[in-house]
Amino acid sequence: MSSNKPDQFLTAAQSSLQTHLTVWSQLASKSFENATKLADLNVRVLQSALQESTAGNQHLLAVKDPKDFWLAAASQSQPQIEKMLSYGRELSDIWATMQADLARAVQAEADERRQSLAKLPDNAAGAIPDGMTAMVNLMKSTFENAGTSYGQFLKTANESTKAIQSSLLPHTGKTAQKTRKDAGRSEAG
């Protein structure tokens, strides 16, 4: 057994740990950034809702005729529906960004792990007794197959996510159109 093998394993372990810490540090930073965006969005929506609610209620209290009261109340619903839809779109964008950041971090971590696992049999080859090369080759093949399978899993998961998102967007649009139509009918009625 070579005397520098423990040093090689130590160096590989340190490199792996450094990569791992870097990836997760970046992920934590991106998660905090996205959480800040989400908090800002919620604060803006809350402030806007409070201001508009106060103004709308004052307007409703000033109306003397019951018919005008109901017309004013109905006219206030359309902007609120538009704002809810806008909020949903912004929330969806933030969520998609968070999901993409996580996917990139997991992919980077998986790539690093795959590379370090692929090197492991070669690094250990000098310490393995003669006649065990078949075992080393089997181990190496197993790691390569696992890496390939994981890569295919990630690809399929990303494609599934995109398919789900693309199928939801048309339904969101149809729901928004129906809501606008229904709000328009209530204003006219």
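The values are calculated or read from the model by the stated rules, or taken from the named source; none is laboratory data. It should be emphasised that the depicted structure is a prediction, and the values quoted were computed from it without experimental measurement. Cβ sites come from the backbone with ideal geometry, for glycine too, and all protein chains shown count toward neighbours.
See the values below:
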| item | result |
| --- | --- |
| Neighbours by Cβ (under 8 Å, 6+ apart or cross-chain): first from region 7-18, among the hydroxyl-bearing types (Ser, Thr, Tyr); second modelled with pLDDT of 70 or more | SER15/SER116; SER16/GLU112; SER16/ARG113; SER16/SER116 |
| Given (1) closer than 24 Å to THR156 by Cβ; (2) not in a helix (DSSP H, G or I), index of the condition LYS64 fails | (1) |
| LYS140 more than 24 Å from the chain's Cα centre (by Cα), among the basic types (Lys, Arg) and either surrounded by 11 or more Cβ atoms within 10 Å (Cβ to Cβ) or modelled with pLDDT of 75 or more (or both) | yes |
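To keep it simple, each residue is scored yes or no on (1) touching a helix residue (DSSP H, G or I) at 6+ places or on another chain (Cβ under 7 Å); (2) assigned to a helix (DSSP H, G or I); (3) modelled with pLDDT under 75.
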position	(1), (2), (3)
SER77	yes, yes, no
GLN80	no, yes, no
ASP93	no, yes, no
ASP101	yes, yes, no
VAL106	no, yes, no
LEU117	yes, yes, yes
PRO121	yes, yes, yes
VAL136	yes, yes, yes
TYR150	yes, yes, yes
